Amino acid sequence: METKTSAIDEFHLLAREMNWKRGSRKYRSGLSKFLESEFAIHFGTDATKLENWQALCLELKIQDPIQSITKCRKALAKVHVNLVDLIDSRRTGKQVKHFASQKALRKYTIETGKIFPKSAAKKDGFLKALLREIF
């Protein structure tokens, strides 16, 4: 499988092309829209379909057969993955890393700077289920 550019690297290319300075309002807004769009491309946007939830659960190695969206949400609440890495797993083919705790996820996220904008994550049902408090 051909390795593709990570989402963050691709966004940095876009930001450079658009002359968005890191930390500026345009940069933050652009990053939020970019990552939200990337997630939608790879995982869909219809959070009312059980099949979409089940596919996400399977991708995140939740093996139990899940028969409702509520049960999927509960299962996903126990999973700690970096949302940017989740997107990149689809882009690059690399398996997404699972963290044993929210604390371990927080440490990794801060160290790598792979922070999915909270405002974008709260809009989407799938993302909201995987959203963890980092700060």
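The values are calculated or read from the model by the stated rules, or taken from the named source; none is laboratory data. The structure displayed is predicted, hence computed values, not measured ones. FYI the Cβ positions are ideal-geometry reconstructions off the backbone, even for glycines, and counts take in every protein chain you see. For accessibility, only protein heavy atoms count, side chains too; no ligands or nucleic acids. Shrake-Rupley method; radii C 1.70, N 1.55, O 1.52, S 1.80 Å.
Figures for the structure shown
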| quantity | calculated |
| --- | --- |
| In Å, descending, principal axis extents of the Cα set of the stretch 7-102 | 47, 28, 23 |
| Length added when fully stretched, GLU59-GLU133, from 0.36 nm per residue minus Cα-Cα | 24.4 nm |
| Summed side-chain charge close to ALA15 - residues other than ALA15 whose Cβ falls under 13 Å, Lys, Arg +1, Asp, Glu -1 | +4 |
| Label-point separation, GLU111 to LYS21 (7 Å along Cα→Cβ), nm | 3.1 |
| Principal-axis tilt of helix 102-112 within the chain, Cα atoms, nearest 10 degrees | 20 |
| Cα-Cα over 31 Å, subset of LYS4/LYS71; LYS74/LYS114; LYS4/LYS118; LYS26/LYS71; LYS26/LYS123 | LYS4/LYS71; LYS26/LYS71 |
| Probe 1.4 Å - accessible area at THR112, Å² to nearest ten | 60 |
| Sparse-neighbour loop sites [trypsin sites (Lys or Arg not before Pro); the stretch 1-103; at most 16 other C-beta within 10 Å; DSSP] | LYS4, LYS21, ARG22, LYS49, LYS61, LYS78, LYS94, LYS97 |
| Excluding exposed DSSP-loop GluC sites (Glu not before Pro) (at most 15 other C-beta within 10 Å), longest clean stretch of the chain | 3-132 |
| Accessible surface, the chain, averaged per residue in Å² (probe 1.4 Å) | 62 |
